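What follows is a single structure, written as structure tokens, with notes after it.
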Amino acid sequence: MIFALFLWGMAWGGVFTGPYNLVPLPSLSDPLAVFQGARALLPVAAAYISILWALASRSRFRFAWTSLGFFVYYGALGLAASIFLSPDPVTALYWGSAYLSPLLVTWFIIERPEPLPILRTILRLNAAIVIALLLAVLPEAYRFGFGRATRFEIYHMPFGLGEVRANGVGRYALIVLILAAVSLATSASKKKFLWLPLAVPAVFILMQTQSRSALLGLAVTSMLFVIIRGVDLRFLVAGPAAAYVIWVSGVTWRAKGALSSLVFLTGRDTTWKKGLERIGESPIFGWGFHADRLLINEEHMHNSYLHAGIQAGVIGALLFAAGVVVLWAFLWKSGVLRRIREAAAPDRALLTQSVLVLGFLSARSFFESTAAFYGVDLLLFVPAVAYIYQWAFDNPVPAP
């Protein structure tokens with residue numbers, strides 16, 4: 001387990017850094033620059049180690065026709081496009097390797113003799129990282145306060161680790177709220193109330209960022225929570241509270257009372273048009289990873305499926321979309337959503353958290369590039385999917 005967790009830590013190592021911290025080479029007199037440059041190499045190293053293991057063990061990917069398999073195929077196609085079609089093959093290869101890193105590490109994990117305990121630990125580790133990220137921006141959030149202009153703020157990470165926009169910070173806040181809500185609803189221990197001091201700043205930051213994708217995620221996860229848990233009298237309090245957060249932050253502050261402003265794309269439609277033009281120039285295989293930044297003036301696609309298309313063409317976009325569709329089809333047809341209530345206590349909480357996080361990230365994929373490139377969303381998405389599949393594999397539906 002220790003080596004698997006070490007590899008997963010390496011996969012996380014490239015967050016808030018990249019090849020831009022390696023060129024030019026950092027000066028040894030600047031420890032932070034050396035640290036940032038060294039971290040940039042960690043996900044690539046994790047991918048390399050995992051490939052060596054797969055070749056040496058001749059391992060077969062058991063989840064080849066699951067959501068994880070389709071993401072691997074999309075990543076491999078994008079990596080090939082990075083070599084042959086990218087305007088900057090070195091940069092594209094770096095980000096393609098980083099993208100495949102958590103998927104390859106997960107392959108290594110699910111081929112362990114007992115993968116489920118490792119995946120449980122990774123989910124808890126991911127939760128701890130997101131909590132740490134939320135707390136890291138809390139001083140900035142406190143300084144910004146409440147107001148209608150807070151969605152334009154840039155949150156600076158400590159120790160010069162980088163900047164996060166409001167949408168990214170809203171993501172941290174909602175995930176912490178998911179963790180808190182699931183623990184409060186499923187745990188019988190009094191320790192669950194320790195989540196309350198985290199839930200309060202999470203609500204504050206969620207409302208402050210006015211992130212529409214996070215507020216949409218709150219609505220989606222609330223409905224999923226009811227589907228999983230069934231009717232509960234506590235929802236008489238939680239439901240109106242969630243509606244109040246969405247109304248005040250989204251409608252009153254963000255939209256200034258005009259519901260039409262909630263669907264305003266804030267320039268995304270212009271970026272999507274530019275992206276579609278580039279996809280049309282290389283429709284089959286795309287332009288390789290990081291293509292949006294390289295080809296459309298450093299702009300970010302803000303849509304997972306268009307992001308997949310510009311990186312790996314129409315084929316890659318279809319593979320990526322298939323990964324999302326197959327996941328939710330599996331959750332429905334396998335009865336996982338229904339069987340969560342019957343799972344043992346630790347798995348019941350983790351399964352609920354995983355489904356809610358995946359519901360949020362799937363909704364977010366239409367307005368952000370969730371899981372289509374290397375980043376926090378991908379590192380949260382992949383182990384949640386692997387855990388659900390592995391739990392279903394280990395706990396098959398009893399024969400009628």
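What do you reckon, is residue 32 under 22 Å from residue 157 (Cβ atoms) and assigned to a helix (DSSP H, G or I)? In short, yes.
For every residue, the table says whether it meets (1) without any contact (Cβ under 8 Å) to a residue 40 or more places away in the chain; (2) surrounded by 15 or more Cβ atoms within 10 Å (Cβ to Cβ); (3) of a type in the set (Phe, Trp, Tyr).
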position: 144; (1), (2), (3): no, yes, yes
position: 150; (1), (2), (3): no, yes, no
position: 155; (1), (2), (3): yes, yes, yes
position: 166; (1), (2), (3): no, yes, no
position: 174; (1), (2), (3): no, yes, no
position: 186; (1), (2), (3): no, yes, no
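Among residues of region 32-49 that are modelled with pLDDT under 95, those with a beta-carbon under 6 Å from a residue that is hydroxyl-bearing (Ser, Thr, Tyr) at least six positions away or on a different chain give the pairs 36/17; 39/17; 40/17.
Of the residues screened, residue 289 is one that is within 21 Å of residue 378 (Cα to Cα), outside any helix (DSSP H, G or I) and modelled with pLDDT of 90 or more.
Of note, residue 141 does not satisfy the criterion of being over 19 Å from the mean Cα position of the chain (by Cα), assigned to a helix (DSSP H, G or I), within 20 Å of residue 309 (Cβ to Cβ) and not β-branched (Val, Ile, Thr). The residue that is nearest to the chain's Cα centre (by Cα), counting only those in region 284-305 that are among the aliphatic types (A, V, I, L, M) and surrounded by 23 or more Cβ atoms within 10 Å (Cβ to Cβ), is 301. Screening residue 14 with (1) surrounded by fewer than 17 Cβ atoms within 10 Å (Cβ to Cβ); (2) in a loop (DSSP other than H, G, I, E, B); (3) touching a residue at least 60 places away in the same chain (Cβ under 8 Å) gives one miss only, at (1). Looking only at region 134-167, residues that are touching a strand residue (DSSP E or B) at 6+ places or on another chain (Cβ under 8 Å) and closer than 18 Å to residue 198 by Cα come to 3 in all. Which residues, counting only those in region 188-233, are under 20 Å from residue 153 (Cβ atoms), among the β-branched types (Val, Ile, Thr) and in contact (Cβ under 8 Å) with a residue 60 or more places away in the chain? Listed by number, the list holds a single entry, 205. Inside region 35-91, residues that are within 23 Å of the chain's Cα centre (by Cα), among the hydroxyl-bearing types (Ser, Thr, Tyr) and assigned to a helix (DSSP H, G or I) make up a count of 7. Every condition in (1) surrounded by fewer than 14 Cβ atoms within 10 Å (Cβ to Cβ); (2) farther than 23 Å from residue 372 by Cα holds for residue 65 except the one numbered (2).
The values are calculated or read from the model by the stated rules, or taken from the named source; none is laboratory data. Nothing here was measured: the structure is a model prediction, and the numbers come from that model. Neighbour counts are summed over all protein chains in view; Cβ atoms, including those assigned to glycine, are modelled from backbone coordinates with ideal geometry.
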